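Peer 1: If you scroll down you'll find the structure; I have some questions about it.
Taken together, the values in this text are just the output of simple stated rules run on the coordinates, not laboratory data. Because the structure is predicted, anything quoted here is derived from the model rather than measured. Heads up, the Cβs are rebuilt from the backbone with ideal geometry, glycines too, and the neighbour counts pull from every protein chain shown.
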Amino acid sequence: MNVVITPAMIGQVIISGILSGVLYAMVALGLALIFGVMRIINVAHGPLLMLGAYTTFFLYSTFGLNPYLTVPISMAVLFVVGLALERTLVFRVIDAPELSSLLLTFGISIALVNAAQLAFTSDLRAVEYLTGSWGIGPFAFSKSRVVAFVFAAGLTAGAFLFLTYTRLGKAVRATSQSREVAMVCGIDVGAFHRLTFGLASALAAAGGALIAVIVAIQPEMGQIWTFKSFLVIVLGGAGNYPGALLGGMLLGLVEQLASLFLTTQLSEVVAYVLLVLVLLVRPTGLLGGRQT
Amino acid sequence: VRRVAPAALVVVLLALAVYPTFGTGYGLMSVLQVFMWIALAGSWNLISGLTGYVSFGHVAFFGAGAYTAGILIASSGWSWPLAALAGGGAAGVLALGIGWPCLRLKGPYFAIAMLGLNEVLRALVSYFERLTGGGNGLSMPTLDATVPIYYAMGLTAVIVTLAARLIIGSRFGLRLMTIREDEMAAEAMGIHTFRHKLLAFLLSAIGPGIAGALTARDQGYIEPLSVFPLATTITMIVMTLFGGKGTVWGPVLGAVVLFVAQEMVWARYPYIHPLLFGAIIVAVVLAMPRGVLGLLQTKYRLPRTI
């Protein structure tokens, strides 16, 4: 493989990395919220993203809706699904040992993936809506990725504004800092657990809806997203929400660089090596964060 | 019960030992599979049942063992018993490599790192085509060794179960369980938790490595999709949880009961069965966290080392 690597190619890689990085950050933010507020790693996060992708696909293929208009619908649907999951199952393991919550959400994840296989079959489905790319100078901007970037950046910014400035958002952060103190301040912690789980599922659904326009979807697509979201959180520092943005960008860049210098096949291997290295050298994340 | 149980165990083992002389091909294959599941579930139990650190990618060791043995047999002409031991060794080395960075930390890092390991190994095996045959798979010379492999797999299952019995009855096992119940307290009592977790993880990887190697030889052909299925991890987790995690005989009970159920009932509904496994995990975690054996232990005051 003697490919000459030009500066333009590096520029292209950086652009693609940032475009996908924000998407990673948005999805990971959901996982980070659940971890921060409920002290649970939700293994079913990726499969919830998959459900969001299918919601968009069916709204598009059955009712002919513009897929970008379905993003809020997918988010609303998955908000309710997340709320229901928390209300019926997940709340039971919040104070249980880690083993219980990991295994419970793992069980939910298996059930969701296989139910999706039964209901939707394993066929690849594609939303062929926005194809091709815009050329600016030597760079190509894939249209669907640019739109996904805009949506993800907007939603991520919205989530941060919500967390920073609204009373509800402040209550979410307070619960994440100390549940007991939040309780003493009159916060209905149980309700905030449900709200957090619902919001996190909605963020995953937005990711799924946007991904459905970029690549073909199938029921097993979700698992790798649980892993990648977790990697983003670790890179940014667990419990550090702005860190998720940095982590997402970094993962996007590393993956793109890997596909430039090695092959696309190995981009997951490179991401994995990155995780192991960070755990070895700086387990509290690049920005630092609360040690848990 | 205490006097009958050892005698019954000897009778069962003897019956299984002479079974190949009269058993049918299908029967032999089924018992071989049960042995494999006992070895896999029992091994998962050593790390996850005892220390509480959940391994979501234990099939990675199965696959690593299968490919190590497959390559040694196909390219270097090793005999299969040696290749099986090498498979167990390779899985152990892999466990040390992953456990070193991930088990130093408390919390969910280990679980998620294991969730990704399987995909990574599959990608690596597909990439290094010259060594592994890539997506085309790897064929070994034909050899009819089903009966010796039956005994080897049976021996693996016995050793894994025996190891669990020895560990659970030992101070080492008690320390592992202390880590599970309260890692901070364990550290405060002077237990070197990282070393204990790493050793438990190493022990839990060798059994699946050997089982993978034996399965590879038995089938004579391996490919990335056949030796790294997520379903294998799921099945060993379900079997251990159902039987009772952290117990000696729980994984054995779970492996036998769920394998029989799978063959008898669920084989007719192949699509429902993985969905059911997800539901069983959720139900057991919520309603019966200590599994069937745990319930019996409490109800009939059975010894802890059962």
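Peer 1: Rg to Rh ratio, segment B:22-79, alpha-carbon atoms and Kirkwood radius?
Peer 2: We get a ratio of 1.11 for segment B:22-79.
Peer 1: What residues qualify as long-range amide H neighbours of B:Phe56, i.e. H under 5 Å apart, gap of 5 or more or another chain, H built at 1.01 Å from N?
Peer 2: B:Met114, B:Leu115
Peer 1: Quick one: helix A:70-88 against the long Cα principal axis of chain A, what's the angle to the nearest 10°, folded into 0 to 90?
Peer 2: Taking Cα atoms only, the helix is inclined about 30 degrees.
Peer 1: Against the longest alpha carbon principal axis of chain A, how many degrees, from 0 to 90 and to the nearest 10, is the axis of helix A:167-177 turned?
Peer 2: Taking Cα atoms only, the helix is inclined about 80 degrees.
Peer 1: Here is a further query. Percent relative contact order of segment B:1-143, based on C-alpha pairs within less than 8 angstrom and at least six residues apart?
Peer 2: 22 percent
Peer 1: Quick check for me: using +1 on Lys/Arg Cβ and -1 on Asp/Glu Cβ, what's the dipole size of the protein assembly as shown about its Cα centre, in debye to the nearest 20?
Peer 2: 1420 debye
Peer 1: Which of B:Val260, B:Ala231, B:Gly250 sits farthest toward the positive end of the charge dipole of segment B:165-276, with +1 on the Cβ of Lys and Arg and -1 on the Cβ of Asp and Glu?
Peer 2: Going by the charge dipole, the pick is B:Gly250.
Peer 1: Amide H of A:Ser133: which non-local residues (sequence gap of 5 or more, or other chain) have their own amide H closer than 5 Å, using H built in the peptide plane?
Peer 2: Under 5 Å from the amide H of A:Ser133 lie the amide H atoms of A:Lys143, each far enough along the sequence or on another chain.
Peer 1: Return the whole-Å distance between the Cα centroid of segment A:125-162 and the Cα centroid of segment B:7-42.
Peer 2: So the separation of the two Cα centres works out to 57 Å.
Peer 1: Assign unit charges at the C-beta atoms only (+1 for Lys and Arg, -1 for Asp and Glu), then state the dipole size of chain A relative to its Cα centre in Debye, rounded to the nearest 20. Please report the intermediate quantities before stating the final value.
Peer 2: Details: 14 positive and 10 negative charges, 111 e Å.
So the dipole magnitude of chain A works out to roughly 540 debye.
Peer 1: Now for a separate question. What does the charge count around A:Val213 come to, taking other residues whose C-beta lies under 12 Å from its C-beta (Lys +1, Arg +1, Asp -1, Glu -1)? Display every interim value, and only then the final one.
Peer 2: Values: positive: A:Arg125, A:Lys143, A:Arg145; negative: A:Glu128.
Every neighbour counted, the sum reads +2.
Peer 1: Can you tell me, using C-alpha contacts under 8 Å and at least 6 residues apart, the relative contact order of segment A:100-205 as a whole percent?
Peer 2: On the way: 40 pairs, mean separation 10.2, N = 106.
Value for segment A:100-205: 10 percent.
Peer 1: Starting from the Kirkwood Rh over alpha-carbon pairs, what translational D in µm² s⁻¹ does chain B have by Stokes-Einstein at 10 °C and 1.306 mPa s?
Peer 2: 81 µm²/s
Peer 1: With a cut-off of 8 Å between alpha carbons and a minimum separation of six or more residues, what is the relative contact order of chain A in percent?
Peer 2: It comes to 37 percent, rounded to a whole number.
Peer 1: Same structure, new question: Quick check on chain A: what are the equivalent-ellipsoid semi-axes from the Cα gyration tensor, as sqrt(5λ), descending, whole Å? Present the calculation step by step, with values, prior to reporting the outcome.
Peer 2: Numbers: eigenvalues 183, 108, 65 Å².
Ellipsoid semi-axes (Å, largest first): 30, 23, 18.
Peer 1: Related question: Just want the answer: with Cβ charges of +1 for Lys and Arg and -1 for Asp and Glu, which residue in B:Gly169, B:Gly87, A:Val234 is farthest toward the dipole's positive end in the protein assembly as shown?
Peer 2: B:Gly169
Peer 1: For segment B:52-196, build the charge dipole from Cβ charges (+1 Lys, Arg; -1 Asp, Glu) around the Cα centre, then report which of B:His192, B:Ser139, B:Trp78 sits farthest towards its positive end.
Peer 2: Of B:His192, B:Ser139, B:Trp78, it is B:His192.
Peer 1: While we're here: Are there any chymotrypsin sites (Phe, Trp or Tyr not before Pro) in segment A:51-118 that are in a DSSP loop and have at most 14 other Cβ atoms within 10 Å? List them by number.
Peer 2: Sites meeting the loop and neighbour criteria: none at all.
Peer 1: Using packing as a proxy for protection, rank A:259-268, B:245-254, B:34-43 so that the peptide with the highest average count of other Cβ atoms within 10 Å comes first. Walk me through the numbers on the way to the answer.
Peer 2: Details: A:259-268: 15.7, B:245-254: 26.7, B:34-43: 28.2.
Ranked from most to least packed, the peptides come out as B:34-43, B:245-254, A:259-268.
Peer 1: Roughly how big is segment A:123-240's charge dipole about its Cα centre, with Cβ charges of +1 (Lys, Arg) and -1 (Asp, Glu), in debye to the nearest 20?
Peer 2: For segment A:123-240, the charge dipole is close to 280 debye.
Peer 1: What would the Debye equation give as log₁₀ I(q)/I(0) for the protein assembly as shown at q = 0.07, 0.09, 0.11 Å⁻¹, counting only Cα atoms as equal point scatterers?
Peer 2: -0.44, -0.72, -1.08
Peer 1: Shielding by partners for B:237-243, please: the mean number of other protein chain Cβ atoms within 10 Å of each residue's Cβ. Before the final figure, lay out the partial values.
Peer 2: Details: counts 4, 2, 0, 0, 2, 0, 0.
Mean number of neighbouring Cβ atoms from other chains: 1.
Peer 1: If every alpha-carbon in segment A:138-292 counts as one equal scatterer, what log10 I(q)/I(0) does Debye give at q = 0.08, 0.17 1/Å?
Peer 2: For the requested q values the scattering log ratios are -0.28, -1.18.
Peer 1: Within the set of other residues whose C-beta is less than 15 Å from the C-beta of A:Val80, count the net charge using Lys and Arg as +1 and Asp and Glu as -1.
Peer 2: +1
Peer 1: Which part of segment A:24-63 falls in the paramagnetic zone of A:Phe91, meaning amide N under 18 Å from the point 7 Å along Cα-to-beta-carbon?
Peer 2: So the set is A:34-35, A:37-40.
Peer 1: Counting pairs of Cα atoms in segment A:102-194, how many percent are more than 22 Å apart?
Peer 2: Cα-Cα pairs in segment A:102-194 separated by more than 22 Å: 64 percent.
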